[in-house]
Amino acid sequence: MITKEDLLGSKPLIIAGPCAVESREGILAIARSLKELGANALRTQLWKPRSEPGSFQGVGEAGLEWLLEVKAETGLPIATEVVAESQIEILKGVADILWVGARNMQNFELLKVLGKDDRPVILKRGFIATLGEWMSAAKYIGKERVIMCERGIRSGSDAMRFTLDLNAALVMRHDYKMPVIVDPSHTAGRRDMVPHLALAAIAAGLDGIVVEVHNEPEKALTDAKQQIDLVQFQELMEKVRRASTLFFS
Ligand code: PEP
Ligand code: MN
């Protein structure tokens, strides 16, 4: 079993992977490459909360076996989102790290059930949540097991999906004393900005990043505009390594 402390032992912690599991071959191919390129854990989703009911909803339970194969072959811990209480149990033995999406940050019933689990939990900040609300949500789960994730807030700009709130991430880190990682993918909504925001998080001395990577981003069934490809991830990893020698002491 991987603990929060194990994860934070990687300085910085790099969690990477496709927005969603799309096929057995796809997830295996991506995970193999990510392992080789130095990712510390794989992120992906089986169930996709989507605004449109007609759009791809994720492969669901069909993907459990594929994730077990990925784990057995690469040894990468698996991080995945839970959108319903029942999934916490279903993911036993498959997911090593659970995460709560921005839209569920204040789903208190879900948080309470997560409080009874023993796996590390990544808690994404709701996009209009205050720092106090974010911290209270972490306490529902049990803050000892939680890694906070800043993923952008709503602001006045319509040129991008969200605005990365680095100030808030730093206050959470320094005043609330919680580990904080940044999701540059969902905050940007476009792949050209992803490396810049990721490196800003490293330069700020935060604990790591969770970034969307796909082997063929243009063909991705979800978030095609923001997923970076494996070559871009490799380049990002090189820069992250260089930056972390400067900013991690
Ligand atoms: C995700 O990480 O795949 C995701 C949907 O992010 P968020 O909940 O931050 O929008
Ligand atoms: Mn996504």
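Convex hull volume of the Cα atoms of the stretch 48-115, normalised per residue: 96 Å³.
Surface composition of the stretch 63-118: carbon and sulfur make up 50 percent of the accessible area, probe 1.4 Å.
Measuring between their Cα centroids, the stretch 46-97 and the stretch 1-39 lie 13 Å from each other. Extension gain, M160 to A84, is 24.5 nm, computed as 0.36 nm per intervening residue step minus the present C-alpha separation. For V231 and L170, the difference between the fully extended length at 0.36 nm per residue and the C-alpha to C-alpha distance is 19.0 nm. Residues whose amide H lies under 5 Å from that of W99, counting only those 5 or more places away or on a different chain, are T80, E81, V82, I122; hydrogens are built 1.01 Å from N in the peptide plane. Normalised per residue, the accessible area of the chain is 43 Å², obtained with a 1.4 Å probe and no contribution from ligands, DNA or RNA.
Note on exposure: H174, H186, H196 ranked by accessible area (1.4 Å probe, complete protein assembly) read H196, H174, H186, with the most exposed listed first. Taking Cα centroids, how far is the stretch 208-228 from the stretch 153-180 in Å? Rounded to whole Å, the Cα centres lie 21 Å apart. Loop-located trypsin sites (Lys or Arg not before Pro) across the stretch 38-144 with a Cβ neighbour count of 11 or fewer within 10 Å are K92, K116, with loop assigned by DSSP. Considering helices alone, the calculated mean residue ellipticity of the chain at 222 nm is -11000 deg cm²/dmol, with DSSP H runs of length four and up weighted by -39500 (n - 2.57) and normalised per residue. Full extension of the chain segment joining K177 with R190 gains 1.6 nm, where the gain is 0.36 nm per residue of separation less the Cα-Cα distance.
Can you pull the percent of Cα pairs in the chain with separation above 25 Å? Considering the chain, 36 percent of its Cα-Cα pairs are separated by more than 25 Å.
Does the stretch 1-50 come out rounded, prolate or oblate, given a ≥ b ≥ c as the square roots of the eigenvalues of its C-alpha gyration tensor, rounded meaning a/c under 1.5 and, failing that, prolate meaning a/b above b/c? Oblate is the answer for the stretch 1-50, as a/c is 1.5 or above yet b/c matches or exceeds a/b.
Shape summary of the stretch 42-84, radius of gyration then Dmax from alpha carbon positions: 11.7, 35 Å. Here's how it looks for A129: its modeled amide H is under 5 Å from none belonging to a residue 5 or more places away or on a different chain. If the Kirkwood radius is taken over C-alpha pairs of the stretch 181-226, then at 20 °C and 1.002 mPa s the Stokes-Einstein diffusion coefficient equals 199 µm²/s.
Evaluating 6.51 cos²θ - 1.76 cosθ + 1.60 at θ = phi - 60° for every residue in the stretch 199-212, the Karplus couplings come out as 5, 4, 5, 5, 5, 7, x, 6, 7, x, 9, 10, 10, 7 Hz, glycine and proline recorded as x.
Using a cutoff of 8 angstrom between alpha carbon atoms and counting only pairs six or more residues apart, the relative contact order for the stretch 161-249 works out to 27 percent.
Under the convention that each Lys and Arg Cβ holds +1 and each Asp and Glu Cβ holds -1, the size of the dipole of the stretch 125-249 around its Cα centre is about 300 debye.
The values are calculated or read from the model by the stated rules, or taken from the named source; none is laboratory data. What you are looking at is a predicted structure, and each value in this text was computed from that prediction instead of being measured. Backbone-built Cβ (ideal geometry, glycine too); neighbour counts: all protein chains shown. The area values use the complete protein model at the heavy-atom level, side chains included, leaving out ligands, DNA and RNA. Shrake-Rupley method; radii C 1.70, N 1.55, O 1.52, S 1.80 Å.
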